[in-house]
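Have a look at the structure below, then the notes.
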Amino acid sequence: MWALADPEVNGYAGSAGTVGVAWPHLQQVCRLERQRDMKGKKHVQVSYVITSLSATDADARRLLTISREHWGIENRIHWVRDVTFDEDRSQVRLGAAPQVMAGLRNLVISLVRRAGHSNVAAALRRHNTHLTEAFNMLGLAQPLGQ
């Protein structure tokens, strides 16, 4: 990763390639390169990042740490919400309902992880067929009729 903190050069950003007014809070432009091997084939992905953090607040190493922390959150919560709960295809769209549903999904993920499960989808399948365990995890009594 490298970071460029040059106001004159950064003046090009956001101005369609001609020198114009720099984005008001732009401090650095960063290039992040990720490499991974999948089935013996090397894949390279390049991303560009803009930030309002100054070079004194965050050098390239700190920006890399921030990026990794962000993707850690993305992989642990958002990916689970997208894949396990199929959130992107949700029909819930009105009022505060989407935020409420997102909060409920986050609550379920937290409860399942707190109970020691690393695979949320497998835990949901298990608790779907073992309701007593699910209720015990919530600290509730056994459901009626069980």
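Here are the numbers:
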{"quantity": "Semi-axis lengths (Å, descending) of the ellipsoid that matches the C-alpha gyration tensor of the chain", "calculated": "43, 19, 15"}
{"quantity": "37 °C / 0.692 mPa s Stokes-Einstein diffusion coefficient of segment 86-146, Kirkwood radius on C-alpha pairs, µm²/s", "calculated": "252 µm²/s"}
{"quantity": "Nearest-ten-degree value, helix 120-129 long axis tilted from longest Cα axis of the chain", "calculated": "10 degrees"}
{"quantity": "Computed [θ] at 222 nm, deg cm²/dmol, the chain (DSSP H ≥ 4; -39,500 (n - 2.57); rounded to nearest 500)", "calculated": "-12000 deg cm²/dmol"}
{"quantity": "Portion, in percent, of the accessible area of segment 24-118 that falls on carbon or sulfur, probe 1.4 Å", "calculated": "54 percent"}
{"quantity": "When the convex hull of its Cα atoms is projected in every direction, mean area for segment 52-134 (nm²)", "calculated": "7.9 nm²"}
{"quantity": "Over segment 26-146, relative contact order from alpha-carbon pairs under 8 Å, at least 6 apart, %", "calculated": "14 percent"}
{"quantity": "Heavy-atom surface of the chain, accessible at 1.4 Å and reported per residue (Å²)", "calculated": "74 Å²"}
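The values are calculated or read from the model by the stated rules, or taken from the named source; none is laboratory data. In this text, all values refer to a predicted model and were calculated from it rather than measured experimentally. We work out accessible area using only protein heavy atoms, side chains counted, and drop any ligands, DNA or RNA first. Shrake-Rupley method; radii C 1.70, N 1.55, O 1.52, S 1.80 Å.
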